[in-house]
């Protein structure tokens, strides 16, 4: 027994998996710390540590001033956590869609699920509450995900499938613009928020709403790793191995729609995270969804945090929409992927 356990522990694949997960966790911590330290208001690192430690009853760092407490606790910390949750939702959703459709260019926003969620979130925001926007986004995302399933059945070729999703998203985005134009501007955020994304103005309340709404869906997607691995063999082989393909497909699509909808309700549409991150994770650690799903969640959180850091600092004191930053990265990657689709490593 002991030699077998020792060999399992020394398995190069397991070491690679642990290395990738550990590296992503360190990157996430580093990105969070960078977002805490950097901003228009300069705060000494000791004060930043003190502002976080004092509410926890710890006497670490320097005694923070009133401004440091307000900036760190009220503005930066909830924004960082919202970015991490929304990024994780986008990353894991993209990984699930790519595995579900066996399509390397599947992405929740390219396929129209993000714009569908934004339309639902705009309608939900007419209630004047973040909870209404999140609930509306989840409903809109789920309904659009079911429409995407029909597109997937009718479009056998991957590029045509994505083009159909892009067309669907463009049509829905036009309706988002129409609703925002006629709605009460004091209740509904502007059009650039819904189509380009922003983390400005996030609060602890929006973090709680997002975490409760998206957290259950993220956990459910993590539990779908074996089903996605079976689907990678093809639907016929998956059925022979006992997988209820239609039921699993329906459940995953609804879950992705709800998770993306919740993220869009709080942060707007932030594109390409769900496309780029799963490919990077697969290249580093292989194609098993047991790693791809949690790795994509961690990687999505990292990419969102780094994109938001760039959005806040590149043209400071003004702030770019975070979706512009992710599009600048993901657009060229998407063009490369169309020309040379990435092949998951096994």
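Given 10 °C and 1.306 mPa s, compute D for the stretch 235-277 with the Stokes-Einstein relation, Rh being the Kirkwood radius over Cα pairs; round to the nearest whole µm²/s. Rounded to a whole number, D works out at 129 µm²/s. Counting only the backbone N, which residues of the stretch 255-286 are under 18 Å from the spot 7 Å out from the Cα of residue 314 toward its beta-carbon? Within reach of a label on residue 314, which here means backbone N under 18 Å from a point 7 Å along Cα→Cβ, the stretch 255-286 contributes 268-277.
Each Cα pair of the stretch 159-235 feeds into the Kirkwood radius, which the Stokes-Einstein equation turns, at 4 °C and 1.567 mPa s, into a diffusion coefficient of 80 µm²/s.
Measuring how big the stretch 16-63 is from its alpha-carbon positions, Rg and Dmax come out at 13.9, 42 Å. All alpha carbon pair distances within the stretch 188-346 were sorted into 10 Å bins beginning at 0; the resulting P(r) in whole percents reads 10, 33, 36, 17, 4, 0. The calculated FRET efficiency for residue 241 paired with residue 21, based on their beta-carbon distance and R0 = 41 Å, is about 0.90.
Computed over the stretch 253-334, the Cα gyration tensor eigenvalues convert (square root of 5λ each) into semi-axes of 24, 16, 10 Å, ordered from largest to smallest. Cβ crowding within 10 Å, taken as a proxy for footprinting-reagent exposure, orders 186, 144, 202, 74 from fewest neighbours to most as 186, 74, 202, 144. Scaling against 2.2 N^0.38 Å puts the C-alpha radius of gyration of the chain at 1.01. Here r is the Cβ-Cβ distance between residue 160 and residue 250 and R0 is 22 Å; the resulting FRET efficiency, rounded to 0.05, is 0.45.
The calculated FRET efficiency for the pair residue 185 and residue 41, based on their C-beta separation and a Förster distance of 35 Å, comes to about 0.80. Of 260, 338, the sequence from fewest to most neighbouring Cβ atoms within 10 angstrom is 338, 260.
Taking 242, 261, 299 in turn, the Gaussian network model of the chain (Cα-Cα springs below 10 Å) assigns the largest fluctuation to 242.
Convex hull of alpha carbon positions in the stretch 1-140: directionally averaged projected area 14.3 nm².
Going by neighbour counts of Cβ atoms within 10 Å, the residues 273, 80 line up, fewest first, as 80, 273.
None of the figures in this text is laboratory data; all of them are computed from the coordinates on show. Quick caveat: nothing in here was measured; it's all calculated off a predicted structure. Here Cβ is always computed from backbone atoms with ideal geometry, including for glycine, and neighbour counts include all displayed protein chains.
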